Structures are given as C-alpha cells and as structure tokens.
Amino acid sequence: MTQTNPPGADLPEHPDFLWRNPEPKKNYDVVIVGGGGHGLATAHYLVRNHGITNVAVLEKGWLAGGNMARNTTLIRSNYLWDESAAIYEHSLKLWEGLEDDLGYPILFSQRGVLNLAHTEQDVRDSVRRVEANKLNGIDAEWLGPDEVKRICPIINTAEDIRYPVQGATYQPRAGIAKHDYVAWGFGRRVDEAGVDLIQDCEVTGFTVDGDRVTGVRTTRGDIGCGTVALCAAGHTSVLLDQLGVRAPLQSHPLQALVSELLEPVHPTIVMSNAVHVYVSQAHKGELVMGAGVDSYNGYGQRGAFHIIERQMAAAVELFPVFARAHLLRSWAGIVDVTPDASPIVGHTPYENVFVNAGWGTGGFKATPGIGWCFAHTLAHGEPHPYVAPFGLDRFTTGALVDEHGAAAVAH
Amino acid sequence: MQLIHCPWCGPREEVEFHYGGQADIAYPERPAELSDQEWAEYVFYRDNPKGTFAERWSHSAGCRRWFNAVRDTHTYRFLSTAKPRQKEVRV
Ligand SMILES: Cc1cc2nc3c(=O)[nH]c(=O)nc-3n(C[C@H](O)[C@H](O)[C@H](O)COP(=O)(O)OP(=O)(O)OC[C@H]3O[C@@H](n4cnc5c(N)ncnc54)[C@H](O)[C@@H]3O)c2cc1C
Ligand SMILES: [Zn+2]
C-alpha cells in the first residue's frame with residue numbers, strides 16, 4: 001500500500017523573516033504606488049534588469065493585501081489577440097522560471113485549464129481561439145466532451161443539463177501559484193537589494209511642477225521622486241483624479257470563495273464564461289471558486305450575496321459532487337475594468353508619471369510579465385514593445401485590443 | 001442583498017434591478033464637430049469616484065423603468081433615487 005501525504009502536508013513553512021520596515025527617505029529615483037504583485041514585480045525587474053535600486057514601494061495597507069491576497073491565482077496565456085498573447089505568454093514563461101529567480105517557493109503547479117464551451121457559438125469561438133493560440137506558439141487544444149471528462153472526471157457532461165458541455169479548449173501549461181508566497185518572494189528579493197517597502201503609507205496627492213510630478217504626498221509625509229509608477233489596481237482612478245487625468249476605468253467588486261478542505265478531487269482548472277463559474281482545487285484542498293464582477297461600481301471590498309448564489313448554482317450543476325461541500329469563506333477585491341477588457345499601461349499626460357492599470361479580473365497571471373515590461377518602460381521612459389499596444393491613446397485612435405471573449409469574466 | 005427604492009414601485013430587492021452606469025451622459029449636440037478625443041470621452045470615459053456617484057438603474061424585473069440614483073460607491077448605500085427629470089428625491 002502506498003502512503004500519500006494528506007493534502008497540504010508538503011507546503012513550505014512560513015518564513016521567519018519577511019522584510020525590513022524602513023522609514024521613508026526624502027527622495028527616490030522611482031516611487032511605485034501600490035504594493036501588490038504588480039508593484040513588487042516592477043521593483044524586482046527594476047533591480048534585476050536595469051540596476052535601479054533607489055526605489056520605494058508605497059502601500060496604503062499591508063503588503064500585497066489588496067487584490068494580490070484576494071485573487072483565485074489562475075495563470076494561463078490562451079488569449080485571442082496577438083497583443084495579449086504576447087504579454088501573457090511572456091509572463092507564463094517567466095512563471096516557469098520564477099521559483100529559481102526568486103530563490104523562494106511559489107508552488108507553481110501547471111495542471112492545465114479547460115475553458116468550457118456550452119453553445120454552438122462558444123464552440124466556434126473556442127476553436128478559433130485554439131488556432132490563434134497555436135499560431136502564436138501557445139499550447140492549446142480543442143477537446144470534445146469525452147476528452148473533457150477524461151481530464152476532469154467529476155464534470156457533468158450529460159446532454160440534458162441546462163448548459164451542456166459541448167467541449168473545451170485546453171491549455172496544459174496553465175496553472176495556479178500560491179499568491180502570498182509569490183508576493184513574499186518578490187518582497188524579500190527587492191528588500192535584499194535595498195528597495196524600501198513602506199506599508200501603512202497611503203498616497204493622497206502629488207506635488208506638480210508644470211508637466212512633471214516632483215513628489216507624492218502621503219500619510220507618512222511628502223516623498224520626492226524622479227519617476228512615479230502607478231500600480232494601484234482598483235484604486236487607480238482615485239489617484240488619477242488627484243492629477244486631473246481621466247482614464248476609462250470602472251472599479252467593481254469581484255468576489256471569490258473557498259470550500260472546506262477536501263481530498264484531491266479536482267485535478268485541473270475549469271472555467272466557464274457562459275455559466276459564470278470557474279474552479280480549481282488549492283494545494284491544501286479547498287475548492288477555490290469565482291464568478292463575474294458585481295454589476296455596480298464599488299470600492300467596498302465586498303459584494304452582493306446573490307452573485308454567490310448564482311455562481312454556486314452553476315457550480316453544482318457542472319460538478320454535482322460539490323453539492324455536499326461547505327462554503328468556508330467568501331470575500332471581494334476591487335478590480336478596474338476597461339471598455340475593451342485589456343489593461344492600460346504606459347504614458348500619462350505627465351512626463352514622469354506612468355500608469356499600469358485596468359487588468360480587471362485577470363492581472364495576477366500577468367504579474368512577472370508586467371513587472372518586466374513596466375520596469376523597462378520606467379527605465380527607458382518608453383513603453384516596452386509588449387505593452388506599447390496598451391497605451392491610453394488607443395481609446396482615441398480606435399486601436400482597441402478587444403479581449404472580451406477571452407478575458408472579460410474568466411481569469 | 002439590499003433594498004433599492006424604485007421611484008414608482010417602492011423598495012424592492014436588488015436582484016430585480018439592472019445597473020446602467022453613470023447618469024446624465026448626453027448625446028453630443030453637434031456630433032459632426034467632435035474631435036477624436038471628444039468622441040473617445042463620450043463613448044468610453046466615465047467617472048469612477050470613491051464616494052457619491054449619480055448613476056442610472058433600471059427596475060428591469062418590475063416596472064421596467066429607468067431612474068436616477070445617488071449612491072456611495074464605498075459603502076454601497078443608496079442616498080436617494082428619483083424619476084428622470086424629477087428634482088425631489090427619496091430614499
Ligand atoms: C476575487 C478575485 C479573483 C481574481 N482571480 C484572478 C485569477 O484567477 N487570475 C488572474 O490572473 N487574476 C485574478 N484576479 C485579478 C488580479 O488579482 C489583479 O488583476 C491583480 O492583482 C492586479 O495587480 P496588483 O496585484 O498589483 O493589485 P493589488 O494587489 O490590488 O495592488 C494594488 C495595491 O495598491 C494599493 N493602493 C491603492 N491605492 C493606494 C494609494 N493611494 N497609496 C498607496 N497604496 C495604494 C492597494 O492597497 C493594493 O495593495 C482576481 C481578482 C479578484 C479580486
Ligand atoms: Zn419599479
């Protein structure tokens with residue numbers, strides 16, 4: 001008889017030291033606003049790829065306590081358009097080497113993702129996306145219902161359910177990572193390099209000289225800066241309002257929930273845009289589930305209960321075995337959504353202020369990729385080629401990157 | 001779930017309503033004269049305040065009528081709702 005460890009038994013211990021808690025200095029070459037995954041990854045690649053270490057990451061709460069701590073950690077790169085495929089695949093390749101780069105466990109588990117199709121139109125869109133992915137060198141397959149069942153035996157593939165499974169796209173290299181460990185890995189690495197991680201420090205305004213920002217006002221005093229990098233996810237509009245800059249961003253609550261710990265039953269990631277649920281099983285054994293955003297604008301880091309009810313109804317139809325699982329807790333983050341479901345990265349009307357926002361429901365997977373490209377953007381004062389298509393000006397030129405089909409609700 | 005005060009039907013459960021975004025976005029008076037930037041603002045740009053926000057809701061599963069509301073986006077509380085062009089408000 002083989003003895004297997006109970007789920008979660010091989011999780012690494014929590015580290016005994018995280019990072020320093022320094023007082024803010026008077027001046028930094030680069031001030032990053034927002035200590036989530038994107039801000040931390042940007043700091044990491046500023047150090048690693050550009051040798052820039054006089055950097056502060058300012059976080060209004062605790063480090064990576066925003067969406068970084070609240071997301072459902074799905075990582076994939078099967079996006080439709082070339083522009084999105086390029087940045088998300090760049091990111092996925094970095095995830096594949098991130099544990100070595102950070103010298104820290106992140107539990108990246110490439111267990112694959114099934115994106116289900118429930119209607120004929122879903123099927124056509126999915127097959128098209130698979131072909132587009134392949135042309136971009138991204139691993140993708142189209143699977144029929146029987147193959148879906150083989151990969152994830154607990155899915156209900158009966159034909160008489162309300163939204164029968166007509167097949168799925170499959171990206172084997174997709175996966176999940178332990179989000180807190182990812183943040184801690186980046187945090188420790190940049191702290192070692194001399195970057196100041198300053199928590200409990202909310203940016204409340206800016207000091208402006210013509211078309212340059214000379215410093216940020218914070219709850220811990222004024223801090224001078226060479227360059228400002230906004231990585232504040234759902235709160236970007238609040239900061240841009242301070243600068244008199246408008247951007248087409250809308251902030252919405254996005255909820256997730258976990259079940260109690262269960263034996264391993266769910267070997268891959270399953271997502272469905274049509275019935276609005278997606279699920280994976282965490283390393284310890286919780287079923288981790290999410291759905292779409294709550295419809296209204298909100299900053300309250302909670303959402304409405306009926307959204308959860310609908311999501312659970314969809315989940316139980318697709319996975320009848322979930323009917324007996326207990327819900328352990330639910331929460332929300334605040335995500336910033338754009339009209340074309342693609343991020344906004346690059347220049348603002350201020351010469352030395354750069355924005356990274358609008359990742360909406362799906363920016364965790366981009367963490368190392370955007371960190372890499374945004375650091376390049378800050379170091380050179382020009383967008384990295386992978387983020388150049390995502391400038392604010394696309395809403396005026398009309399060169400939108402419309403990823404609704406691949407990204408709007410799914411993560 | 002919160003109760004939303006439809007100006008015609010009175011308080012009803014949130015699930016009966018549909019969100020319509022920022023209120024009072026008027027179609028441009030002289031569309032042919034708009035610059036690309038102005039078109040972009042009309043089509044894509046909406047306010048996104050943390051605090052009070054004037055927005056549109058529709059009582060889609062009830063009287064099916066649109067109305068304006070003022071809501072706090074931080075607490076989600078409705079401060080007032082009103083029929084279109086109606087000045088007086090109630091909660
Ligand atoms: C429920 C949920 C599920 C999700 N699931 C997935 C998923 O499965 N896969 C995926 O790819 N993505 C997912 N996402 C999206 C992903 O979490 C975000 O796109 C991503 O985290 C955004 O970048 P970030 O990590 O830097 O944001 P955050 O972690 O939110 O970082 C922004 C930080 O800025 C700070 N801040 C804001 N204003 C200020 C200020 N004025 N001064 C100082 N600090 C400030 C905030 O406190 C916050 O810590 C999900 C999000 C949610 C909420
Ligand atoms: Zn009504």
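The values are calculated or read from the model by the stated rules, or taken from the named source; none is laboratory data. Given the structure is predicted, the values throughout are model-derived calculations rather than measurements. Don't worry about glycine lacking a Cβ; one is built from the backbone with ideal geometry, like all the others, and counts go over all protein chains shown.
Remark: A:G51 matches the filter, which requires a residue to be surrounded by fewer than 24 Cβ atoms within 10 Å (Cβ to Cβ) and on the phi > 0 side of the Ramachandran plot. In segment B:42-54, of all residues being within 11 Å of chain A (Cβ to nearest Cβ) and in contact with a Ser or Thr (Cβ under 9 Å, 6 or more places away or on another chain), the one that is surrounded by the most Cβ atoms within 10 Å (Cβ to Cβ) corresponds to B:N48. I'd like to know if segment B:78-88 contains one or more residues that are at pLDDT 95 or above, away from ligand 2 (no atom under 16 Å from the Cβ) and touching a Lys or Arg at 6+ places or on another chain (Cβ under 7 Å). Within segment B:78-88, one or more residues are at pLDDT 95 or above, away from ligand 2 (no atom under 16 Å from the Cβ) and touching a Lys or Arg at 6+ places or on another chain (Cβ under 7 Å). With respect to the conditions (1) more than 25 Å from the chain's Cα centre (by Cα); (2) outside any loop (DSSP other than H, G, I, E, B), A:A41 lacks only one, and its number is (1). So which residues in segment A:276-313 are part of a loop (DSSP other than H, G, I, E, B) and more than 20 Å from A:G112 (Cβ to Cβ), if there are any at all? Within segment A:276-313, A:H276, A:D294, A:S295, A:Y296, A:N297, A:G298, A:Y299, A:G300, A:Q301, A:R302, A:G303, A:A304 meet the criteria.
All of A:F395, A:F374 fail the test of being within 16 Å of ligand 1 (Cβ to nearest atom) and under 23 Å from the mean Cα position of the chain (by Cα), apart from A:F374. Might you check whether a residue that is charged (D, E, K, R), within 21 Å of A:D294 (Cβ to Cβ), more than 11 Å from chain A (Cβ to nearest Cβ) and touching a residue at least 40 places away in the same chain (Cβ under 8 Å) occurs anywhere in segment B:23-30? No, every residue in segment B:23-30 fails to be charged (D, E, K, R), within 21 Å of A:D294 (Cβ to Cβ), more than 11 Å from chain A (Cβ to nearest Cβ) and touching a residue at least 40 places away in the same chain (Cβ under 8 Å). The single condition among (1) surrounded by 12 or more Cβ atoms within 10 Å (Cβ to Cβ); (2) closer than 30 Å to A:A357 by Cα that B:C63 does not satisfy is (2). If you go through segment B:56-71 one residue at a time, do you hit one that is within 16 Å of ligand 1 (Cβ to nearest atom) and not in a strand (DSSP E or B)? No, that holds for no residue. Selection of first residues in segment B:1-13 that are within 17 Å of B:P84 (Cα to Cα) and within 14 Å of chain A (Cβ to nearest Cβ) and of second residues that are more than 9 Å from ligand 2 (Cβ to nearest atom) and of a type outside the set (F, W, Y), restricted to Cβ pairs under 9 Å at least 6 apart or on distinct chains, gives the following pairs, ordered by first then second residue: B:I4/B:P11; B:I4/B:E13; B:I4/B:E14; B:I4/B:A69; B:I4/B:T81.
Considering A:A85, A:A64, A:A69, which residue is more than 23 Å from A:P153 (Cα to Cα), crowded, with 17+ Cβ neighbours inside 10 Å and in contact with a Ser or Thr (Cβ under 7 Å, 6 or more places away or on another chain)? Testing whether each residue is more than 23 Å from A:P153 (Cα to Cα), crowded, with 17+ Cβ neighbours inside 10 Å and in contact with a Ser or Thr (Cβ under 7 Å, 6 or more places away or on another chain) leaves just A:A85.
For segment B:1-38, a residue qualifies if it is more than 16 Å from ligand 2 (Cβ to nearest atom) and in a strand (DSSP E or B), and the qualifying residues are B:G21, B:Q22. Could you list, in sequence order, all residues of segment A:275-294 that are more than 12 Å from ligand 1 (Cβ to nearest atom) and either in contact with a Leu (Cβ under 9 Å, 6 or more places away or on another chain) or within 14 Å of chain B (Cβ to nearest Cβ) (or both)? Selection gives A:V275, A:V277, A:Q281, A:H283, A:K284, A:G285, A:E286, A:L287.
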